[in-house]
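Chemist: This is the structure I have questions about; it appears just below.
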Amino acid sequence: MPEVIMMPTLTPLLAELVLALGALGLLMFGVFAGERSAPTVTGVSIGLLGLAVLLVLFAGGDGTTFNGAFIQDSFARFMKVLTLIASGFAIAMSVGYARLAGFQRFEYPILIVLATLGMLLMISANDLISLYLGLELQSLAIYVLAAIHRDSIRSTEAGLKYFVLGALSSGMLLYGSSLVYGFTGHTNFIEIANVLADGRSTGLVIGLVFVMAGLAFKISAVPFHMWTPDVYEGAPTPVTAFLAAAPKLAAMALTIRVVTEAFAPISMDWQQIVAFVSIASMVLGAFAAIGQRNIKRLMAYSSIGHMGYALVGLAAGTELGVQSVIVYLVIYVPMTLGAFACILSMRRQEHMVEDIESLAGLSRTQPMTAFMLGAIMFSLAGIPPLAGFFAKYYVFLAAIEANLYWLAVIGVVMSVVGAFYYLRIVKLMYFDEAEASFERMPGELKAVLVLSGAFVVAFLVFASPIINAAGTAAASLF
Amino acid sequence: MILQPIFFYLFSAVTIAAALMVISSRNPVHSVLFLILAFFNSAGLFVLLGAEFIAMILVVVYVGAVAVLFLFVVMMLDVDFVELRQGFLQYLPIGALIGIILLVELVAVLGGTIIAPEVAQQVAQPIPPLAEASNIAAIGELLYTKYIFFFQTAGLVLLVAMIGAIVLTLRHKEGVKRQDIGAQVGRTREAAVELVKVKSGQGI
C-alpha cells in the first residue's frame, strides 16, 4: 500500500518561492522581449525583492519545514530583510553604470535575484544539504556576475579566479560535511547537536575545521582571503558593490547558525578557530590595506578586516556576542554601499578611475560628496559618534564579557592601525590640491550615498530599535 | 569476512592514484583515460555500498561524458596527434597498465564470489531491502518526497549554470542567414514568381 505523504507547509518559504517564480518569469520575459527589456527587468527585480521583504516581515510562518531542512525564525527574518535590502540597493546602483558602460543585459538583475534567493536559502538552512545547495546557488550566480563584462580581460579573469577558488572551497566544505555526517550519522543541524551532546570524536573536529574553512572562504576571512582583492578589482564595480555587501551577510548568518546550532555542544572547539580567523583577518586587513593605491583593492582589504571584527563577537560564543555580530553587519552594509556609491561615481572622460589619488581635492569640486564619503571613512575607521564606532564597541564589549580580553585588545590596536588608510582618503579629499572634477553623479547613486551617510551620522537616533531587534534575533538561536 | 575491506581498500587506493594521475599526467589524453579508471573504481565503491543504481549511472553517465570530454580535448586543445602516434609504443605501457588493473579488478570481483560465496551477503544492504523496493524505486520515493526541497534547489542551481553559460558565451553574429519559417510559408506566388515575356533574339 503506498504511503500517504503530507504536503510540506510552504508558508515559511513564501518569500523564496516568490523570488524563484519571479526570476523564472522575468527570464521568460527577457528572452522573448530581447535586450530592450533590461530596464523593465531591472525595475521588476527591485520590486520582487521589495515584495520578498514584505513577505518575510509579515507572512509569518515561523518554524521548520521539509523535514527540518528549512527553518524560519526571527534571526532568519532579520538577516533576510537585511540581505534583500542590500541586494535591492546593489541592483539600483548598477543602473547608471550599465547604461554608460554598455552592458545593459537583462540577465544581470535576474542573476542578482537568483543569487539573493541562494542567500535566503543559506540563511534558512538547517541541514548540511540545504547549506551546500544555498551556498552553491549564490556562488554560481556571483561567478557569472563577476565575469559578466565578458569582453574585458580583467572581468573574465576575476570570474575565473573566483570560480576556481570557489570550487576548491566548496570541495573543502563538502569534505568536511561528509566527515560530520559520517561521525554523527545526521545532516540535520538539530540532530547533529543532539549526537554531539554525548561527546565528540577527533574525526568530527577535522570535519568541523573543513566546514569552517569553506565558510571562511565565503566571508573572505584570512587565511582564505586570497581571492578577495583580485576579484574586487577585476569585477565590474556594481558587481563589486554587490559582492561586498549581501553575500557577506548571508555567509556570516550561515556561519552563525552552523556554529550556534549544529556545533553548539562543542563550542570550545570552534571558538578557537573563530578567534584565530578573526585575529588573522583583523591584522591582515589593517596592514595589507596600507600599501594599496586602487580604491577597490583597498575596499577589499577593508572588508577582510571588518569580517575579522565581526567574528570577534562570534568568538565570544554568547547570545550577546551574536547580537553584536548582527549589529555590526547592520552597520557594515550601509557603510559599504555608501563607499561604493562614491566609487561608482568616480568617472572622468567617460572612464572609471579607481586610483585613490584621483580623489584629491574632492572637497572643493564636490563638497557634498566629499562630506558624505568623509563621514563614511571616519565611520569605517570606528571614530565616535559615528555608526562604525558602535559596531566595534558592541563586538569588543561581547568579547570582554566572555573574558576574551586579549581578543578585544588586539581588535582595538588593529582598528587604530586601520584608521590610517581611511583617514588618508579624508586627508586627500580635504587637504590636497584638486585635480579635474568627476562627472556629475547619477541620481540613484546620490540617493544611496545620502541615505547611507545619514544612517552613519545619525546612527544614535535609531540605535535602540536596531539593537533591540538584533537582540530578539540572537535570542531565537539560543 | 576479510574480502570486503580488501576490495574497499583496493577500489579506494586505485581511485586516489588514478585521480592523482589525472592531474599530474602531461598528456590530456592520458588524463582522460585515468579519469575513466577513477570512475570505474568509484562505481566499485558504490557497489560495495549496495547502491548498484548509482554505480551503473556513474559508469553510463560519466564514462559516457568522458567520451564527450575526449572529443573536447581533441577539438579544443592543440594536441598534435601525428606526434602522439609516433610515440604510440612509448605510451603503450601506460595503456596496458590501466587495462591490466581493470582486468585484475574484474577477475577479483568475479573470482571472489566463486572462492567465497558468502561474500555476497557481506555487501551492505540498501534501505529499504531489495526485496521490498529496487534501488531505483527507493531513490525515486525519497527524491520526490523527503528530499523534494533539495531536488528543486538543485534544479535552480543547474538553471543558474545554464544562464551563466549562455550569458558568457552566446554571441549573436551579424549577417548569418537563418531559416524563417513564417516568412517561407507566408510567401505568395506573386511575390516569388515573375512572368516575363521575352522576345526572340533578345535577352532579358
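The values are calculated or read from the model by the stated rules, or taken from the named source; none is laboratory data. Since this is a predicted model, take the numbers as computed values, not measurements. Quick reminder, even Gly has a Cβ in these numbers, built from the backbone with ideal geometry, and neighbours come from all protein chains shown.
Chemist: Name the single residue, out of those in the range A:61-75 being at the interface with chain B (Cβ under 7 Å from one of its Cβ atoms) and in contact with a Phe, Trp or Tyr (Cβ under 7 Å, 6 or more places away or on another chain), that is surrounded by the fewest Cβ atoms within 10 Å (Cβ to Cβ).
Modeler: Taking the range A:61-75 and keeping what is at the interface with chain B (Cβ under 7 Å from one of its Cβ atoms), we get A:66-67, A:69-70.
Filter again for in contact with a Phe, Trp or Tyr (Cβ under 7 Å, 6 or more places away or on another chain), leaving A:66, A:69-70.
On the way: A:Phe66: 21, A:Ala69: 27, A:Phe70: 25.
Within the range A:61-75, the match that is surrounded by the fewest Cβ atoms within 10 Å (Cβ to Cβ) is A:Phe66.
Chemist: Same structure, new question: Among A:Leu21, A:Leu14, A:Leu26, which is under 28 Å from B:Glu141 (Cα atoms) and in contact (Cβ under 8 Å) with a residue 24 or more places away in the chain?
Modeler: Working: A:Leu21 fails: in contact (Cβ under 8 Å) with a residue 24 or more places away in the chain; A:Leu26 fails: under 28 Å from B:Glu141 (Cα atoms).
Answer to the selection: A:Leu14.
Chemist: Based on what the data block shows, is A:Phe183 of a type in the set (Phe, Trp, Tyr), under 30 Å from A:Ala341 (Cα atoms), part of a helix (DSSP H, G or I) and free of Cβ contacts under 8 Å to residues at least 60 places away in the same chain? Don't jump to the end; show me each part of the working.
Modeler: Details: of a type in the set (Phe, Trp, Tyr): yes; under 30 Å from A:Ala341 (Cα atoms): no; part of a helix (DSSP H, G or I): yes; free of Cβ contacts under 8 Å to residues at least 60 places away in the same chain: yes.
Taking the combined requirement at face value, the residue does not satisfy it.
Chemist: Within 12 Å of another protein chain (Cβ to nearest Cβ) and surrounded by 24 or more Cβ atoms within 10 Å (Cβ to Cβ), is that true of A:Ile142?
Modeler: The answer is yes for A:Ile142.
Chemist: Ok, one more. Need the failing condition index for A:Tyr162 against (1) over 19 Å from A:Lys296 (Cβ atoms); (2) in contact (Cβ under 8 Å) with a residue 24 or more places away in the chain, just the number.
Modeler: Exception for A:Tyr162: condition (1).
Chemist: Further, regarding this structure: Pull out all pairs, ordered by first then second residue, where Cβ-Cβ is under 9 Å, the residues are six or more apart or on different chains, the first lies in the range A:394-417 and is touching a residue at least 40 places away in the same chain (Cβ under 8 Å), and the second is of a type in the set (D, E, K, R).
Modeler: Note: pairs meeting the criteria are A:Gly411/A:Lys392; A:Ser415/A:Lys392.
Chemist: Within the range A:317-339, how many residues are out of contact with any Asp or Glu (no Cβ under 7 Å at 6 or more places or on another chain), more than 30 Å from A:Glu444 (Cα to Cα), part of a helix (DSSP H, G or I) and not polar (S, T, N, Q)?
Modeler: Number of matching residues: 3.
Chemist: Only one of these is among the β-branched types (Val, Ile, Thr), touching a helix residue (DSSP H, G or I) at 6+ places or on another chain (Cβ under 9 Å) and closer than 14 Å to B:Leu102 by Cβ: B:Val32, B:Val63, B:Val47. Name it. Show your work before the answer.
Modeler: Details: B:Val32 fails: closer than 14 Å to B:Leu102 by Cβ; B:Val47 fails: closer than 14 Å to B:Leu102 by Cβ.
That would be B:Val63, the only listed residue that is among the β-branched types (Val, Ile, Thr), touching a helix residue (DSSP H, G or I) at 6+ places or on another chain (Cβ under 9 Å) and closer than 14 Å to B:Leu102 by Cβ.
Chemist: With a cut-off of at least 2 residues that are at pLDDT below 80 and under 30 Å from B:Ile139 (Cα atoms), name the helices (runs of 4 or more DSSP H) lying wholly within the range B:23-104. Outline the logic, then answer.
Modeler: Values: elements: B:28-48, B:52-57, B:64-76, B:81-86.
Helices (runs of 4 or more DSSP H) meeting the threshold: B:64-76.
Chemist: Please specify each residue of the range A:156-172 satisfying the condition of being facing chain B (nearest Cβ under 10 Å) and in contact with a helix residue (DSSP H, G or I) (Cβ under 7 Å, 6 or more places away or on another chain).
Modeler: Scanning the range A:156-172 gives A:Gly159, A:Phe163.
Chemist: Something else: In the range A:52-88, what residues are among the charged types (D, E, K, R) and assigned to a helix (DSSP H, G or I)?
Modeler: Here is the first cut: in the range A:52-88, the residues among the charged types (D, E, K, R) are A:62, A:73, A:77, A:80.
Once the filter is applied, which keeps residues that are among the charged types (D, E, K, R) and assigned to a helix (DSSP H, G or I), the range A:52-88 yields A:Arg77, A:Lys80.
Chemist: Still on this structure: Mind counting the residues in the range A:259-285 that are of a type in the set (A, V, I, L, M) and surrounded by fewer than 24 Cβ atoms within 10 Å (Cβ to Cβ)?
Modeler: Quick first cut of the range A:259-285, residues of a type in the set (A, V, I, L, M) only: A:259, A:262, A:264, A:266, A:268, A:273-275, A:277, A:279-280, A:282-284.
Retained after the next criterion (residues that are surrounded by fewer than 24 Cβ atoms within 10 Å (Cβ to Cβ)): A:264, A:266, A:268, A:273, A:275, A:279-280, A:283-284.
Number of matching residues: 9.
Chemist: I'd like the full set of residues that are modelled with pLDDT under 75, surrounded by 12 or more Cβ atoms within 10 Å (Cβ to Cβ) and among the aliphatic types (A, V, I, L, M), limited to the range B:105-126. It would help to see each step written out before you state the result.
Modeler: So the first thing to find is which residues in the range B:105-126 are modelled with pLDDT under 75, and the list is B:109-126.
Within this subset, residues satisfying the condition of being surrounded by 12 or more Cβ atoms within 10 Å (Cβ to Cβ) are B:109, B:112-113, B:116, B:119, B:122-123, B:126.
Of everything in the range B:105-126, those that are modelled with pLDDT under 75, surrounded by 12 or more Cβ atoms within 10 Å (Cβ to Cβ) and among the aliphatic types (A, V, I, L, M) turn out to be B:Val109, B:Ala116, B:Val119, B:Val123.
Chemist: Would you please name the residue that is farthest from A:Ala339 (Cα to Cα), looking only at residues in the range A:376-385 that are surrounded by fewer than 24 Cβ atoms within 10 Å (Cβ to Cβ) and touching a residue at least 40 places away in the same chain (Cβ under 8 Å)?
Modeler: A:Pro385
Chemist: Can you work out which of the residues in the range A:458-477 that are touching a residue at least 24 places away in the same chain (Cβ under 8 Å) and among the β-branched types (Val, Ile, Thr) is surrounded by the most Cβ atoms within 10 Å (Cβ to Cβ)?
Modeler: Taking the range A:458-477 and keeping what is touching a residue at least 24 places away in the same chain (Cβ under 8 Å), we get A:459-460, A:463, A:466-467, A:469-477.
Keeping just the survivors that are among the β-branched types (Val, Ile, Thr) gives A:466-467, A:472.
Numbers: A:Ile466: 18, A:Ile467: 16, A:Thr472: 15.
In this case the residue turns out to be A:Ile466.
Chemist: Output the residue which, of all residues in the range B:127-176 that are at the interface with chain A (Cβ under 7 Å from one of its Cβ atoms) and of a type in the set (S, T, N, Q), is surrounded by the most Cβ atoms within 10 Å (Cβ to Cβ).
Modeler: Here the answer is B:Thr153.
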